[in-house]
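*Asks:* First the structure, which I've put down as C-alpha cells, then a few questions once you've had a look.
The values are calculated or read from the model by the stated rules, or taken from the named source; none is laboratory data. These numbers were taken from a predicted model, which means no experiment stands behind them. All Cβ positions, glycine included, derive from the backbone under ideal geometry; neighbour counts span all protein chains shown. Each accessible area value is taken on the protein alone, full model and side chains, heavy atoms only, with ligands, DNA and RNA left out. Shrake-Rupley method; radii C 1.70, N 1.55, O 1.52, S 1.80 Å.
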Amino acid sequence: MTVAASPLDQFKIKCIALCGEGGSLTAVSFTNASLFMVLAVAAATLLMVYGMRERSLVPGRLQSVAELSYEFVANMVRDNVGANGRQYFPFIFSIFMFVLMCNMLGMVPYSFTVTSHIIVTFVMAMVVFLGVTVIAIARNGIHFFTHFLPAGVPVALAPIIVPIEIISYLSRPISLSLRLCANMLAGHTTLKVFAGFIVAMVGAGGYSAIGGILPLAMVIALTALEFLIAFLQAYVFAILTCLYLSEAVNMEHH
C-alpha cells in the first residue's frame with residue numbers, strides 16, 4: 001500500500017551541505033531554505049544590475065521591469081512616508097524585492113518557499129520593528145513615548161490606554177510575520193492538495209473529460225491566484241514597513 005505524500009512535505013527543511021554527523025543539522029548547515037534565500041538575493045541583484053546595464057532611452061523588457069520595480073517602491077515611499085522617508089528607500093526596496101523573489105521562486109515546481117516559514121518572516125519583521133523603533137527614538141527622543149498615549153485622551157484613562165497601546169505596538173512583528181507566512185503556507189498547501197486530486201484520479205483510472213478538467217481548471221485558477229498573492233504579500237510587507245516608518249519620522253508633525 002502506497003502512502004500518499006503529505007501536502008506539508010514541501011515545507012520540510014533539508015540539509016544540503018555542512019550537515020552534522022548522523023544527519024543532524026549543525027549551526028552552520030546549508031539548507032534548502034538557505035539556498036533559496038541566496039537565489040532570491042541573486043535574482044533581485046541580476047534583475048537590477050543586468051536589466052539596467054544598457055540604460056536605453058527605449059527600455060527593453062528587463063529594463064522595463066527594473067524601472068517599474070524602482071518606480072513602484074519609490075512612489076510607495078513617497079506617498080506613505082513623504083520626503084523624510086527618501087533616505088530609507090534602499091531598505092524598503094531591498095525588503096520588497098527579497099520577499100517578492102522568495103515568493104516567486106516558491107511558485108516554481110519542486111522549489112522551496114522560504115516565506116512559508118515563520119522563522120524567516122519573523123526575523124525580517126523583527127529587523128523592521130527594531131529598525132523603526134531605533135529611528136523613532138533617535139529622531140524624536142522622549143517624545144516617542146507619547147505615541148502610547150494619544151492626544152486628547154483623558155489622563156484618567158492612561159492606566160488602560162497605555163498598556164493597550166504598548167501591547168499593540170509590540171505585536172507588530174508578530175502580525176507582520178504571521179500574515180506573510182500564513183498566506184504563503186495556506187496557498188501552497190491548497191495547490192498541493194488539488195494537484196493531488198488530479199494525480200489520484202488518474203492513478204485510480206477514474207479520469208474523464210469532465211472529472212479531469214474541473215480539478216485541472218481549479219489548479220490553474222489557484223496558481224494564477226497564488227501568483228497574485230505572492231506579489232500582494234510582498235507589497236503588504238513593504239507598505240506596512242512604510243507606514244511604521246511614517247509614524248517614526250513624522251511623529252513631530254502629529
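*Asks:* Kindly report the accessible area of the chain per residue (heavy atoms of protein chains, probe 1.4 Å, no ligands, DNA or RNA), in Å².
*Replies:* 58 Å²
*Asks:* A follow-up question, please. Could you size up the charge dipole of the range 1-156 around its Cα centre, putting +1 on the beta carbon of Lys and Arg and -1 on that of Asp and Glu, and report it in debye to the nearest 20?
*Replies:* 200 debye
*Asks:* In addition: In terms of modelled amide H atoms, which long-range or inter-chain residues lie less than 5 Å from the amide H of residue 149?
*Replies:* none
*Asks:* Using a 1.4 Å probe over the heavy atoms of the protein chains, calculate the carbon and sulfur portion of the accessible area of the chain as a whole percent.
*Replies:* Taking all protein chains in place, the chain shows 72 percent carbon and sulfur surface.
*Asks:* Right, here's the next one. With an 8 Å cut-off on Cα pairs and a minimum separation of 6 or more residues, tell me the relative contact order of the chain in percent.
*Replies:* Relative contact order for the chain comes out at 25 percent.
*Asks:* Still on this model: Order these peptides, 214-225, 232-243, by their mean beta-carbon neighbour count within 10 angstrom, highest first.
*Replies:* For the peptides 214-225, 232-243, the packing ranking is 232-243, 214-225.
*Asks:* So which chymotrypsin sites (Phe, Trp or Tyr not before Pro) in the range 121-169 are both in a DSSP loop and have at most 15 other Cβ atoms within 10 Å of their Cβ?
*Replies:* none
*Asks:* In whole Å, what is the distance between the alpha-carbon centres of the range 48-90 and the range 132-173?
*Replies:* For the range 48-90 versus the range 132-173, the Cα centre distance is 34 Å.
*Asks:* Normalise the Debye intensity by I(0) for the range 89-164, one equal point scatterer per Cα, no solvent, then take log10 at q = 0.18, 0.23 Å⁻¹ and round to two decimals.
*Replies:* Reported log10 I(q)/I(0), two decimals: -0.84, -1.04.
*Asks:* Sticking with this structure for a sec: I need the shape label for the chain. Rule: rounded when a/c is under 1.5, else prolate if a/b > b/c, else oblate, with a, b, c from the alpha carbon gyration tensor.
*Replies:* prolate
*Asks:* Taking amide H atoms as placed 1.01 Å from N in the peptide plane, list the residues 5 or more away in sequence, or in a different chain, whose amide H sits under 5 Å from that of residue 113.
*Replies:* Amide H neighbours of residue 113: none.
*Asks:* Here's a follow-up. Explain nothing, just compute: Karplus ³J(HN,Hα) = 6.51 cos²θ - 1.76 cosθ + 1.60, θ = phi - 60°, for every residue of the range 133-148 in order, whole Hz, x for Gly and Pro.
*Replies:* 5, 5, 4, 4, 5, 5, 7, 10, x, 5, 5, 4, 6, 6, 4, 8
*Asks:* Ordered by packing density, taken as the mean number of other Cβ atoms within 10 Å over each peptide's residues, highest first, how do 77-90, 41-54, 172-185 rank?
*Replies:* 172-185, 77-90, 41-54
*Asks:* Lone cysteines in the chain, defined as no other cysteine's Cβ under 4.7 Å from theirs: which are they?
*Replies:* Cys with no partner Cβ under 4.7 Å: 102, 181, 242.
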